[in-house]
1. Could you say whether any residue in segment 344-355 is aromatic (Phe, Trp, Tyr), open to solvent by less than 80 Å² (accessible area, probe 1.4 Å) and closer than 14 Å to Val119 by Cβ?
2. Taking segment 186-203 as the region of interest, how many residues are over 18 Å from Pro140 (Cα atoms) and more than 11 Å from ligand 2 (Cβ to nearest atom)?
3. Please state which of the following conditions Gly237 fails to meet, knowing it meets all the rest: (1) open to solvent by 10 Å² or more (accessible area, probe 1.4 Å); (2) at negative phi; (3) modelled with pLDDT under 95.
4. At pLDDT below 95, within 18 Å of Leu326 (Cα to Cα) and away from ligand 1 (no atom under 14 Å from the Cβ): does that describe Glu54?
5. Give Leu230, Leu326 a once-over and let me know the one that is within 15 Å of Met193 (Cα to Cα), open to solvent by less than 50 Å² (accessible area, probe 1.4 Å) and in contact with a strand residue (DSSP E or B) (Cβ under 9 Å, 6 or more places away or on another chain).
6. So which helices (runs of 4 or more DSSP H) are wholly in segment 112-196 and hold at least 3 residues that are surrounded by fewer than 24 Cβ atoms within 10 Å (Cβ to Cβ) and among the polar types (S, T, N, Q)?
7. Determine which single condition His210 fails, assuming it passes every other condition in (1) touching a residue at least 40 places away in the same chain (Cβ under 8 Å); (2) at positive phi; (3) not aromatic (Phe, Trp, Tyr).
8. In segment 478-502, what residues are touching a Phe, Trp or Tyr at 6+ places or on another chain (Cβ under 9 Å), hydrophobic (A, V, I, L, M, F, W, C) and open to solvent by less than 40 Å² (accessible area, probe 1.4 Å)?
Amino acid sequence: MHALAEHEGASAGSVVNVSEVMQAIAEHKGCGTSGGSGKASCGSGAGAGDLPTEIWEKVKNHPCYSEEAHHHYARMHVAVAPACNIQCNYCNRKYDCANESRPGVVSEKLTPEQAAKKVLAVASTIPQMTVLGIAGPGDPLANPEKTFKTFELISKTAPDIKLCLSTNGLTLPDHVDTIAGFNVDHVTITINMVDPEIGAKIYPWVFWKHKRYTGVEAAKLLTDRQLLGLEMLTERGILCKVNSVMIPGINDKHLVEVNKAVKSRGAFLHNIMPLISAPEHGTVFGLTGQRGPTAQELKALQDSCEGEMNMMRHCRQCRADAVGLLGEDRSAEFTTDKIMAMEVNYDLDSRKAYQALVEEERVAKVAAKQEELNTLAGAKSDIKLLVAVATKGSGLINEHFGHAKEFQVYELSTAGAKFVGHRRVDLYCQGGYGDEDSLETVIRAINDCHAVFVAKIGGCPKGDLQKAGIDPVDQYAHEFIEKSAIAWFKAYLDKVNSGEIEHVERGDAEIRQGALITAA
Ligand code: CLF
Ligand code: SF4
């Protein structure tokens, strides 16, 4: 029951043939407009008991709005919005991939009709895909016809899929009523500043009402429109997440002000992401050598804002055509050619049945964590430390060290285990042998961690990790992450208290560089 396979679809139920559905839409006699479960929103670590019921209902199945949900539920993006109406110095839309730095790769742009087909294809293959987001590759609201046509088609064909939108906010105030009309209850606005002087260093121009603005004037226009749009959405009860890119030396200190400004306007969640820039990506910041933050700098800023509001720490800075759990990319399985050739059956009942199994697993995970947490009751220690975890999802330690493309990072203390981030790495295992260069980059990526939890690990990397001061832990293979991490931490504290080991602080870690193409 632990490892629910993503392709495991249940059988039976009301199977809907995709061509019939598409035909029904064409004839305006689709299957209804909204409803179902899978309400979604931005990302926090809050659980069922921590939020008002109506908010929890909206976030519980949204992998971005709930950290806990992101272990179990997937999202997909459809790249229907190619144009943008502003320029960010960290963006180059010639590259389509936020996760890789392969120049010249172009997103497959889709028509709304192709996008609707793709959603049904993915929904029938990945039953825990609960959210459809439009996040680029340009700005969805700079392409309003395509964006809203896509929403219209999907709300009729796949009524259980939550609609999600991410925008730079420039034209947001003009579209709030339409957004509300489609029952979109999760909107992300990327807000990097509320001070136009700082904004002028991030945005060379914005294009609004047939005119190009530059400098401070452009940034002033942008921030005014972003904050107005945010207020208008929250007044209507739409959950808003604010994404901010942390750019050291430009807006890093200022983001505390941004945090206050968006909180006071009702934002639900704040996602501070690291700037990712490398010269080969061709962005202004990449070419001028603007660095991104280190892992410790990012965490310190997120921690300092956390007292103010919910912080998202599990963002993967997705590409505009991402498919799957956050942190995995299954978009290659769903290219237009493959979708057109696919026999697609969108089966609402089997999706619901599968998601019911996921919910059972979630409940078991939370219970196991609580049980282990109880064993820490009364423990007194100021020690806080980080551990890295290799996982394929479901909240389990179920990935081999050599196969991990990322590690999730948890902070352990007597308060328990808290998800605080992730580190993308190069694969160590290269088809049967270990790549020593990759191992070095893995160690640099998790250098601030005391231990790494894996399902399995070979002798060589184990030795190198130990030499670097990182404890490779494979004794909790295929068990729940938080429960295992708390058990390990308890044993660690016992060893420190008995004098068997000495607790030492770890150093900083590197955030891997890649191209940031579109901010979701
Ligand atoms: Fe997509 Fe964004 Fe909706 Fe999520 S992504 S439109 S809110 S469904 Fe999520 Fe990806 Fe981070 Fe965006 S991990 S980049 S925050
Ligand atoms: Fe436009 Fe988004 Fe790129 Fe900024 S990051 S230029 S808003 S597509």
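1. Taking segment 344-355 and keeping what is aromatic (Phe, Trp, Tyr), we get 346, 354.
Next, only the ones that are open to solvent by less than 80 Å² (accessible area, probe 1.4 Å) stay: 346, 354.
The next check asks that each one be closer than 14 Å to Val119 by Cβ; those that pass are 346.
Checked segment 344-355: at least one residue is aromatic (Phe, Trp, Tyr), open to solvent by less than 80 Å² (accessible area, probe 1.4 Å) and closer than 14 Å to Val119 by Cβ.
2. Result for segment 186-203: 9.
3. Result: Gly237 passes all but (2).
4. Numbers: at pLDDT below 95: yes; within 18 Å of Leu326 (Cα to Cα): no; away from ligand 1 (no atom under 14 Å from the Cβ): yes.
Judged against the criteria, Glu54 is not a match.
5. On the way: Leu326 fails: within 15 Å of Met193 (Cα to Cα).
Selected residue: Leu230, the only one of Leu230, Leu326 that is within 15 Å of Met193 (Cα to Cα), open to solvent by less than 50 Å² (accessible area, probe 1.4 Å) and in contact with a strand residue (DSSP E or B) (Cβ under 9 Å, 6 or more places away or on another chain).
6. Working: elements: 112-125, 144-157, 172-181.
Counting at least 3 such residues, we get 112-125.
7. Here His210 clears every test but (1).
8. Residues satisfying the conditions are Ile481, Ala485, Ala487, Trp488.
The values are calculated or read from the model by the stated rules, or taken from the named source; none is laboratory data. This structure is a prediction, so every number in the text was calculated from the model and none was measured. Positions of Cβ are backbone-derived with ideal geometry, glycine not excepted, and every protein chain shown enters the neighbour counts. In case anyone asks, the SASA skips ligands and DNA or RNA and just uses the protein heavy atoms, side chains included. Shrake-Rupley method; radii C 1.70, N 1.55, O 1.52, S 1.80 Å.
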